[in-house]
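Here is the structure we will look at.
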Amino acid sequence: MLRTIEISIVVLILAVAYIAAAFFASLPSPRQIASPNLRQLALTTLRLLDSDNTLAETSFKDPSDKAWTDLEIALSASLPPNLVYNLTVYDVARIGSSVTYRKYYSTSNSESGFGTHSEAASYLVTSPNATFSLTPKRLSATLYILNCSDANGWWITGYSAQGLAFDLQKLLSPYFNTTIIVQNTTELGQLLDGNKISDSSDESIHNAVVINTFGEAVPIPSTYADSYDRDNYAEYCYEVGKRVNQHNWTWVSIVGYPFYYVSNTVELEYSHNSWGIYGMRRSGQAGLNSFLQGLDVENHPAYNYDGSGITGDVGVVHFTEDAIYQSNYYGIYPSSYQTATRALPSSIQATYHTTIRSSVFQPVSGYYGAATFKHDGKGALTAVGLTRTPDIRVTALALLAYYNPIIYKAELTLTPGEAPTQRLLVLQLSQQGAS
Amino acid sequence: MISTTVFITAILLFVGLFSQTIQSAVLYQQNRHVSLKASDLIDSILLSPGYPYSWGITNENLSLFGLQKPKATGYTISSFALMRLTSFEDPVEYPRGSGEYYNNVSIGTGGYLFIPVGDCITYETASMLLGINRTYGFQLSIKPILEVLTSVHQSNPLILKVQVKGPGSSLGGAALSYYMFHAYKTTSVTMQTGTAVTDAAGVAYLDFPIDGEKDSYTIVICAELSGLRGFGRFSQVIFTQGAGVMPFVVDYEKGKIFLAHSWDVQDQGTPVPNYEFNATFFMLTEGGEFEEIQIENSTGGLNYGSKNYEITHLPIANPGFLLVTYRSGNEVGMNIMPWGIGTLAASVTFGGQPSDNVWTAVDMRQATVDLVGYQATIICWRVEGY
């Protein structure tokens, strides 16, 4: 009898234990087990609709505006048919340190509610009148822009070197700690000799960037014209290459065949470039070869005449994917395809111990429309081998792609007099029929 | 004795009941795990560009699998990476008998996208790079959100009916912009652009002063409403002499394209026609418009003997489409090839097939491909089953 009671008690305990376990271990509905991640779907839907800023613009429109109807149609169309949504827009107001949310607009395609299971994602947008200030991190290098009043340019038809220098200064000076305009060939001579040409304490000869705005011509100081005049001044180009290596400069050629001519309107007053531009002498194809020899001075310790042509006429070239990105990143928008008739070959890498960096255009048959050739030791040449006339935005892009200065994007600067406005969008999704 | 029997029976009964509850709970946990894996996988694939980052535009081997557009943020997918995914369609051998096969992405009548099978990423490779081979299987489907359906409403003069709809409803009030290319008895293509707006049912009618029964034409339509954008294409090919001139991507990295005589793909009987062709590339600009770009060897003639293909190049990393108009006698046809998946709203389905009786989890995300809204859906399952 006692055992029967004991067994009954055990059975009772087991039954209670099972009932309790079954009660507490109640399993969720299958839908909850494997529902699509509605929160992520809601968030990605909001992002999609804001991919061209349309959602942000709509969020600040009057509730009676047609844009809200369009948004509702787009929402209904983009979500799977078994989903219902509720979009609520809140006006975000900041009073002192506190933030308040006031309902501004709400819409839903569900008449019967959302059942027990729904998920929501929130998305903050800023009013279209807000602007975001951009502050580039300045490079420590000094930017020199050649603006020599005693030199002439070639293949910059329609522009003057001085005008190009001014535009380049506007475009690039925000990215450099110091920008110095080289006013004449005498200053260029000082620079080549390693002497500062300004009073700025930030000026640094070493690691500088030198942009030659004279197209296919390069200004030549009188002192250099006297000393390095062999082979129509190709020897001078060798000397420039040496100095680029010595000071670890990046020499920038904005258009055409680099170092094709040298120019000094005083020293070469009676010479012309064979096209009627006086103050200029044609070094020809030897100019670039000589410069590259000088750049690779460790392996070319002495100047040697080499008049062979090395550039290629490759026709239309297209931006690399990196260049498209850099174009957007820096907000510089030259045409993404251009004509390259003086593209530099990849063989420069082996011949003059350089490495191609940051090509702006996709190479065509081994020729680069615009790229930086970084010497394995010191110095670099950024050559834009496009046809005339120059587009200095390509030059700026090539240079920025090479140095890649960071841009800090400061948030929310509002138009003066206007209240700061942000809107919070909450998109709630639910599967129809959810229990 | 009776007590012992009752006791043992009760124990067995409750062990059975408990194990049933525990089994359900374990199954729940396993299914939940698959569901979480689906969510994790789709984010891993769509929010990483993979490595090398630009693998979508090169022939480089992958060491990390991901489809995000390099340097983009969020769910922005590389249309070129999508092109390199092995399709479910049967590969096409070109030239016939050569043993060289091309991945075949189906984009409807008159549309082709053939890429060397060797340049494509297989499901097995992707699965291994994601670290889920032998544990989980997946099938990823990336489809445009908007369907831009075009049909002939009237032939002469031509009126096309365009309907725009998404998975949830029609897109009323959508702004349409279209590029109509048509040719008659010549490979010289006339392009006509225009705009329209869909009615409340998402329908619009486009009028063209051409004879739709005589002219070959291809229309590319962009529909847009409130940040939601989609493309559609429709071709009417009046051509009875083979498939004409078919584009093949032979070197993906260099954008090298063969414009091939269709006889090398399929013998459609004698006499085998000679073709004149005219190829034009239209690049998608950042503003969402198409701009014509000059390409090399854009015109010429092909036969099935000594001159059975021509070579041209397309700009790498610049999405758009290649339109090839061909003629034999008085008949003119058109073929089109997307360069980047998004520009002609092609769909991609990539992955494995779940075996029977396997429990699958589904998750989805909204994404953009070349400015076009796409829906990415993943189906995930455990390879070992339960």
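Answer yes or no: is there a residue in the stretch B:218-239 that is part of a strand (DSSP E or B) and among the aromatic types (Phe, Trp, Tyr). Yes, the stretch B:218-239 has at least one match.
Looking across the stretch A:228-250, the residues that are of a type in the set (D, E, K, R) and surrounded by 19 or more Cβ atoms within 10 Å (Cβ to Cβ) come down to A:Asp231, A:Glu235, A:Glu239, A:Lys242, A:Arg243.
Listed by position, the helices (runs of 4 or more DSSP H) enclosed by the stretch A:31-119 that each have at least 2 residues that are modelled with pLDDT of 90 or more and closer than 30 Å to B:Arg382 by Cβ are A:38-49. Here A:Ser274 meets the list (1) hydroxyl-bearing (Ser, Thr, Tyr); (2) without any contact (Cβ under 8 Å) to a residue 24 or more places away in the chain; (3) on the phi < 0 side of the Ramachandran plot almost entirely, failing just condition (3).
Looking at the stretch B:121-130, can you tell me whether even one residue there is more than 14 Å from chain A (Cβ to nearest Cβ), modelled with pLDDT of 95 or more, in a strand (DSSP E or B) and out of contact with any Asp or Glu (no Cβ under 9 Å at 6 or more places or on another chain)? No - not one qualifying residue is present in the stretch B:121-130.
Condition check ((1) part of a helix (DSSP H, G or I); (2) out of contact with any strand residue (DSSP E or B) (no Cβ under 7 Å at 6 or more places or on another chain); (3) free of Cβ contacts under 8 Å to residues at least 12 places away in the same chain) across all residues:
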| position | (1), (2), (3) |
| --- | --- |
| B:Val34 | yes, no, no |
| B:Ile45 | yes, no, no |
| B:Ser48 | no, no, no |
| B:Tyr53 | no, yes, no |
| B:Gly74 | no, yes, no |
| B:Phe88 | no, no, no |
| B:Arg96 | no, yes, no |
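Residue check: B:Gly288 meets all listed conditions (1) within 21 Å of A:Glu321 (Cα to Cα); (2) part of a loop (DSSP other than H, G, I, E, B); (3) modelled with pLDDT of 85 or more but one, namely (3). Looking at the structure I just gave you, is B:Ser3 within 31 Å of the chain's Cα centre (by Cα) and either surrounded by 15 or more Cβ atoms within 10 Å (Cβ to Cβ) or modelled with pLDDT of 85 or more (or both)? Taking the combined requirement at face value, the residue does not satisfy it.
Residues checked against (1) within 30 Å of A:Tyr408 (Cα to Cα); (2) under 28 Å from the mean Cα position of the chain (by Cα); (3) buried (at least 16 other Cβ atoms within 10 Å of the Cβ):
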position	(1), (2), (3)
A:Glu269	no, no, no
A:Leu288	no, no, yes
A:Ser327	yes, yes, yes
A:Ala340	no, yes, yes
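When the stretch B:131-185 is limited to residues that are of a type in the set (S, T, N, Q) and farther than 16 Å from B:Asp207 by Cα, the one that is surrounded by the fewest Cβ atoms within 10 Å (Cβ to Cβ) turns out to be B:Thr135. Among the conditions (1) in contact (Cβ under 8 Å) with a residue 40 or more places away in the chain; (2) assigned to a strand (DSSP E or B), B:Trp263 misses just one, which is (2).
Among strands (runs of 3 or more DSSP E) entirely within the stretch A:307-361, having at least 3 residues that are more than 14 Å from every other protein chain (Cβ to nearest Cβ) singles out A:354-357.
Condition check ((1) buried (at least 17 other Cβ atoms within 10 Å of the Cβ); (2) within 20 Å of B:Tyr184 (Cβ to Cβ); (3) of a type in the set (Gly, Ala, Ser)) across all residues:
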| site | (1), (2), (3) |
| --- | --- |
| B:Phe281 | yes, no, no |
| B:Leu284 | yes, no, no |
| B:Gly287 | no, no, yes |
| B:Gln294 | no, no, no |
| B:Leu314 | yes, no, no |
| B:Thr325 | yes, yes, no |
| B:Asn335 | yes, yes, no |
| B:Pro338 | yes, no, no |
| B:Ala346 | yes, no, yes |
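Being of a type in the set (A, V, I, L, M), in contact with a strand residue (DSSP E or B) (Cβ under 8 Å, 6 or more places away or on another chain) and surrounded by 24 or more Cβ atoms within 10 Å (Cβ to Cβ) is a description that does not apply to A:Ala225.
Name the single residue that is farthest from B:Thr5 (Cα to Cα) among those in the stretch A:1-16 being at pLDDT below 80 and within 9 Å of chain B (Cβ to nearest Cβ). This residue is A:Leu14. Just one of (1) touching a helix residue (DSSP H, G or I) at 6+ places or on another chain (Cβ under 8 Å); (2) surrounded by fewer than 17 Cβ atoms within 10 Å (Cβ to Cβ) fails for A:Leu168. It is (2).
If you check B:Ser24 against the conditions, is it crowded, with 16+ Cβ neighbours inside 10 Å, of a type outside the set (A, V, I, L, M) and part of a helix (DSSP H, G or I)?
Answer is no for this residue.
For B:Leu41, the test of being touching a Cys at 6+ places or on another chain (Cβ under 7 Å), surrounded by 18 or more Cβ atoms within 10 Å (Cβ to Cβ) and closer than 27 Å to A:Arg39 by Cα is passed.
If you go through the stretch B:130-160 and keep only what is touching a Leu at 6+ places or on another chain (Cβ under 6 Å) and under 21 Å from B:Tyr51 (Cβ atoms), you end up with just B:Phe138.
For the criterion of being within 9 Å of chain A (Cβ to nearest Cβ) and more than 25 Å from the chain's Cα centre (by Cα), B:Leu12 fails.
Among the residues making up the stretch A:47-75, those that are among the charged types (D, E, K, R), touching a residue at least 12 places away in the same chain (Cβ under 8 Å) and more than 7 Å from every other protein chain (Cβ to nearest Cβ) are A:Glu57, A:Glu72.
Being without any contact (Cβ under 8 Å) to a residue 24 or more places away in the chain, assigned to a loop (DSSP other than H, G, I, E, B) and surrounded by fewer than 17 Cβ atoms within 10 Å (Cβ to Cβ) holds for only one residue in A:Ser149, A:Ser200, and it is A:Ser200. Residues of the stretch B:98-120 that are under 15 Å from the mean Cα position of the chain (by Cα), farther than 20 Å from B:Asp267 by Cα and in a strand (DSSP E or B): B:Ile115 alone.
The values are calculated or read from the model by the stated rules, or taken from the named source; none is laboratory data. This structure is a prediction, so every number in the text was calculated from the model and none was measured. Ideal geometry is used to build each Cβ from the backbone, glycine not excepted, and the neighbour counts take in all protein chains shown.
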